[in-house]
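Data block below; observations after.
The values are calculated or read from the model by the stated rules, or taken from the named source; none is laboratory data. As the structure is a prediction and not an experimental result, all values here were calculated from the model. When we count neighbours, we look across all protein chains shown, and the Cβ atoms used for this are built from the backbone with ideal geometry, even at glycine. Calculation scope for accessible area: heavy atoms of the full protein, side chains included, ligands and nucleic acids excluded. Shrake-Rupley method; radii C 1.70, N 1.55, O 1.52, S 1.80 Å.
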Amino acid sequence: QVQLVESGGGLVQPGGSLRLSCTASGTISSINAMGWFRQDPGKEREVVASITQSGITNYGTPWKGRVIISRDSAKNTVYLQMNSLKPEHTAVYYCRAGRYSGGFYTWYYWGQGTQVTVSS
């Protein structure tokens, strides 16, 4: 069992930046990848970015150049730096954890989500 605790969301003006964080605890040995997903009410979830234990990063196409995912392995924490935010980026962002193997991810755990609101 892995628990994910997120922080860093909030209200930001258009063009501003936020840094989200997610810290994992529990059976850390069962995961080797963490990522960030976006969800709007009534819409499908969208991958924002992911990172593996070995440092492999992936970004959803709309997010390339706008976000940077990073990790602090000693703290079992991943970060999502979000820049040049627009009102359409308003959503709940979820941290996930799972396993990466052979180019594929399997996600097993959810964080509680953190609200990002970009005012118009």
_Output needed: percent of Cα pairs per 5 Å distance bin for the chain, bins running from 0 to the one holding the longest distance._
2, 12, 24, 25, 20, 10, 5, 1, 0
_With a cut-off of 8 Å between alpha carbons and a minimum separation of six or more residues, what is the relative contact order of the chain in percent?_
35
*Take the chain, connect every pair of alpha-carbon atoms lying under 10 Å apart with a spring to form a Gaussian network, then pick out the residue of G55, G26, G102 with the largest mean-square fluctuation.*
G102
*List the GluC sites (Glu not before Pro) in segment 1-89 that DSSP assigns to loop (not H, G, I, E or B) and whose Cβ has at most 14 other Cβ atoms within 10 Å. Which are they?*
E44
_Carbon and sulfur %, accessible surface of segment 34-120 computed with the full protein complex present, 1.4 Å_ = 48
*Could you provide, to the nearest whole Å², the per residue accessible area of the chain with probe 1.4 Å?*
53
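Where the only charges are on Cβ atoms (+1 Lys, Arg; -1 Asp, Glu), what is the dipole of segment 19-97 about its Cα centre, to the nearest 20 debye? Walk me through the numbers on the way to the answer.
On the way: 10 positive and 5 negative charges, 24 e Å.
Dipole magnitude for segment 19-97 comes out near 120 debye.
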_Which residue, S7, Q81, N58, has the largest displacement toward the positive end of the dipole of the chain when charges sit on each Cβ (Lys, Arg +1; Asp, Glu -1)?_
N58
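So which trypsin sites (Lys or Arg not before Pro) in segment 1-77 end up in coil per DSSP with only 11 or fewer other C-beta atoms within 10 Å? Provide the component values of the computation, followed by the final result.
Values: sites: R19, R38, K43, R45, K64, R66, R71, K75; in loops: K43, R45, K64, R66.
The qualifying sites are K43, K64.
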*Using a simple spin-label model with points 7 Å from Cα along the Cα→Cβ vector, what separation in nm is obtained for K86 and A74?*
3.9
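So what is the relative contact order of segment 1-40, in percent, for Cα pairs below 8 Å that sit 6 or more residues apart?
Working: 32 pairs, mean separation 17.3, N = 40.
After rounding, I find 43 percent.
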